[in-house]
1. For the chain, what is the number of Lys pairs with C-alpha distance below 26 angstrom, counting only pairs 8 or more positions apart or on separate chains?
2. Taking the stretch 2-47 on its own, what percent of its Cα-Cα pair distances exceed 14 Å?
3. Over all directions, average the projected area of the Cα convex hull of the stretch 82-146 and note it in nm².
4. Could you order the peptides 95-102, 143-150, 158-165, 127-134 from most to least packed, using the average number of other C-beta atoms within 10 Å per residue?
5. Quick one: dipole size for the stretch 1-147, taken about the Cα centre, charges +1 on Lys/Arg Cβ and -1 on Asp/Glu Cβ, in debye to the nearest 20.
6. Provide the FRET efficiency to the nearest 0.05 for the residue 43-residue 150 pair, computing r from the beta carbons and using R0 = 35 Å.
7. When the helices in the chain are scored as -39500 (n - 2.57) per DSSP H run of 4 or longer and the sum is shared across all residues, what 222 nm value do you end up with, to the nearest 500 deg cm²/dmol?
8. Could you work out the relative contact order of the chain, using alpha carbon pairs under 8 angstrom and six or more residues apart, expressed as a whole percent?
Amino acid sequence: MSKTPLVSIVMGSDSDLSVMEPAADILQQFNIPVELTIVSAHRTPHRLIDFATTAQARGIKVIIAGAGGAAHLPGMIASITTLPVIGVPIKSSNSIDGWDSVLSILQMPNGVPVATVALNAARNAGILAAQIIGTYSKETNAAIHVYKTLLKEDVIEKVETLKTKFPNGYDKR
């Protein structure tokens, strides 16, 4: 039997899946159950309202919403639910280098906040969602700590590799 999803990952189109999948991957790495679905703010507005109004009752704690172009999906969801919403701007085929998506998600009016990650950075959205869940889940918090420790160790390993290649380099420690 699968666990109830804690994070909902939603996108406006299946063409966004390759960008949004890393959010699901990292959340699964942290053993956080997720659901993944498609909701178009413009083509399925009633589905959007149903999704946003029922998310909390379904056990969802955080919503990650990816959108390209006008990128209304994250803000519309945030206008309906009290759950934290993390927006992932997506560089799409109808996008202006992705900046239209970034600004659409970033420039929300007061009272309707959407946390916004970098263009196509769904993995960071997944990490942020895990950190939110980690505020009340000791297991998730511990998993994030391990993950960040591994990131640090990876950088230190690369520093050591550079020291062997460039012994007169900048880092003298």
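1. 15
2. Working: 532 of 1035 pairs.
That tail contains 51 percent of the Cα-Cα pairs.
3. On the way: hull surface 21.2 nm².
About 5.3 nm², averaged over all directions.
4. Descending mean neighbour count gives 127-134, 95-102, 143-150, 158-165.
5. On the way: 8 positive and 9 negative charges, 63 e Å.
Charge dipole, the stretch 1-147, about its Cα centre: 300 debye, nearest 20.
6. Numbers: r = 41 Å, r/R0 = 1.16.
Once the sixth-power term is evaluated, E becomes 0.30.
7. Working: 6 runs with 80 residues, N = 173.
Using -39500 (n - 2.57) per qualifying helix, the result is -14500 deg cm²/dmol.
8. On the way: 307 pairs, mean separation 36.3, N = 173.
Result for the chain is 21 percent.
Every number here is computed from the coordinates shown, using simple stated rules; none is lab data. These numbers come from a predicted model, not from an experiment. Don't worry about glycine lacking a Cβ; one is built from the backbone with ideal geometry, like all the others, and counts go over all protein chains shown.
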